[in-house]
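Single-structure report; data block below.
Please treat every number below as a calculation from the coordinates, not as lab data. Values in this document were obtained by computation on a predicted structure and should not be read as measured data. Here the Cβ is made from the backbone with ideal geometry for all residues, glycine too, and neighbour counts use every protein chain on show.
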Amino acid sequence: MLVIAVAAVACTSPTRTTARDRSVPKRATTTTLHPIIRPPIGTVRLRDVSAAIGLTHTQSARRTGAACLFSVARLKAKFPRDVVRATSVYPKEQCIPERMTAGVAVGDFDNDGWPDLYLSNLDGPGRLYRNSHRSTFVDVTQSAGLSGLSESSSGAAWLDIDNDGRADLVVTTIAGHRNYLFHNQGHGHFREIAIERGVANDDGHVHSGFSVNVGDFDGDGFIDFATSEWRLLELAPNSQPSHSRLFRNLGRAHPGFFEDVTDRAGVALETRGFGVVAFATALTDLDGDRHPDFVSANDFLTSRLFWNDGTAKFREGTKAAHFATEENGMGLTIGDYNGDGRPDVFVSSVFDKKPCPYGQCVHGSTGNRMYANLGGREFRDATSEAKVRNGQWGWGAAFVDMTNSGLLDLVMTSGVAFPWESTATEYAKGPSFLFRNDGRATFSDQTLSAGMTVTGPGKGLALLDYDRDGRMDILIARDGATPVMYHNESSDVGGYLNVKLVGSASNRAGIGATIEVLTKPGTSRAWYQHGSVSHFLGQSETNTHIGLGSGATHVAELLVRWPSGRISRLTNVSANTTLTVREPSR
């Protein structure tokens, strides 16, 4: 096995900075770039180490009938203002949301440089696991002050709401009253402050919350976040407000306090026919103008794409961008899989070789979508040529370089336990998938050969290097089952950089910055966007993991374009290190 040393490296003498970068156009063009074409490295080897590292709890129990969280009796007791009527279809609708959730968020809450875990839970509080540095995790939920969350948690994300250098935690709920915000007090303890900070969204109506996504959409140097909700009309009529919301940080005037700007910003996600059916959102710059755009993977042909106009408002561009053709948008991940310097979008959905007869189920059959970014705010459906259409009943998804080859592979979860569906048996096992990038913008299914063999409906997914050995591991959250940690034990791997950003004018974690890497003079640059985008109920480690290819010992140049427009340029950077880059003062 290749042993990779990890060392902390500060951004000192190699750094070169300039004034605010003005070279990025307001709108990207369709200029043809030269994609990176290189062979993959080695063979992926994964091993399930969940029990050995201490991840043994079951995230939820599966209920049926009147015991479900959205049963009429439960809702009438907890939410007297809601109008919920039992109908001929309602007995199954009341059990749907809780069978689609199991969330995971990766963050370093104690600032020791090692990633910690939060896993949501329908039965009791979510679990906070501290990384012990010895390839194990310790449950610190109670001592951290998180055991008081009695409502069923669903999605979660770490974010530094006030730029104090400590990771705070946002949690959504299923059949709950509100969102929760846990402020990191330091010394491993949190205090719940959602109501006082303006993000609880406790309006007297039932929540059916899913993913949380973070980003600085207005560019003021303070992190904002969005929540998504999946809620059919049978669970709550359209007259009730949606809990898919965009929360803006009030910034320097009131850091860590928020206002709901969903309607003012133009990103409301209600539909006319289905209620609110948003699974995963992302605040990410798709057109290269340094303003994070808003993309949402939604059910029933209702996914949306909104362009940020630079004034903290968004304009819908879904149809013009040739986006959102999948029937059931669920998972969402963004990365440059074809090496042309532009962020592409993958959306997981449902693939069915035998389309379900009308009236028996409402899912589609044409599978996932890979949207290749053409520039100029346009995408092309590259699903078939990329060979990533069949992920069964897809959920969480993420791009990841499994062998440090410099190529982004794709992992995703799948499966659902809907006993009332005609296809229940087919999808209940829920395999996860590993699609290897062959270096020519196509993928091959290497799930079983890699050792990704644990089944059971997977939902949330996150990426992290939990033991700091320079190889990315995979954590899968499963509803009604224990989580699965796949340790990456691939032996033939390339060099890497693990990049941590520390912002000053930009948000503290540097989320939204772009990183360009030139491994050798005369070769193509690789492009990365810093900070985890939503994977559906999953938040990966914020640090950017960069594969450098076989035999790489140094990086010729690393360029960081901060959200503020400032630039950090480093040259002759040693490989196989954790690199901390601090934003320049001007």
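General remarks:
- Approximate spin-label separation Ser143-Ala200, in nm, with each point projected 7 Å along Cα-to-Cβ: 3.0
- Share, in percent, of DSSP beta bridges within the chain that are antiparallel, nearest 5: 90
- Debye equation applied to the C-alpha atoms of the stretch 178-228, log10 I(q)/I(0) at 0.14, 0.24 Å⁻¹: -0.46, -1.07
- When the charge dipole of the chain is built from unit charges on Cβ atoms (+1 for Lys and Arg, -1 for Asp and Glu) and taken about the Cα centre, the candidate among Ala280, Ser532, Val560 whose Cα reaches farthest toward its positive end is Val560.
- Each Lys and Arg contributes +1 and each Asp and Glu -1, all at the Cβ; summed about the Cα centre of the stretch 187-281, the dipole is approximately 80 debye.
- For a straight C-alpha distance cut-off of 18 angstrom, the lysines reachable from Lys92 (same-chain residues fewer than eight places away being disregarded) are Lys76.
- Reachable lysines from Lys313, criterion Cα separation under 26 angstrom, eight or more residues apart if same chain: Lys26
- Using a simple spin-label model with pseudo-atoms 7 Å out from Cα toward Cβ, Ala66 and Asp164 lie 4.7 nm apart.
- Rounded to the nearest whole angstrom, the semi-axes of the ellipsoid equivalent to the chain, taken from the Cα gyration tensor as √(5λ), stand at 34, 26, 24, largest first.
- For the stretch 463-504, the spherically averaged projection of the C-alpha convex hull amounts to 4.6 nm².
- Taking 0.36 nm per residue of separation and subtracting the Cα-Cα distance, full extension of the segment from Lys92 to Lys313 would add 75.7 nm.
- Taking amide H as placed 1.01 Å from N in the peptide plane, the amide H of Asp336 sits under 5 Å from that of Asp344, each at least 5 places away or on another chain.
- With 5 Å bins from 0: P(r) over the stretch 358-444, alpha-carbon pairs, percent: 3, 13, 19, 21, 17, 12, 8, 5, 2, 0
- Applying the criteria of a DSSP loop state and at most 14 other Cβ atoms within 10 Å to the trypsin sites (Lys or Arg not before Pro) of the stretch 125-159 yields Arg134.
- Ordering Gly451, Gln59, Gly364 by Cα displacement along the dipole of the chain toward the positive end leaves Gly364 in first place; charges were set at the Cβ atoms of Lys, Arg (+1) and Asp, Glu (-1).
- Spacing of the two label points (7 Å from each Cα toward its C-beta) at Thr56 and Ser585, in nm: 5.3
- Each Lys and Arg adds +1 at its Cβ and each Asp and Glu adds -1 at its Cβ; summed about the Cα centre, the chain shows a dipole of about 460 debye.
- Toward the positive end of the charge dipole of the stretch 211-251, with +1 on the Cβ of Lys and Arg and -1 on the Cβ of Asp and Glu, the farthest Cα among Leu233, His243, Gly219 is that of Leu233.
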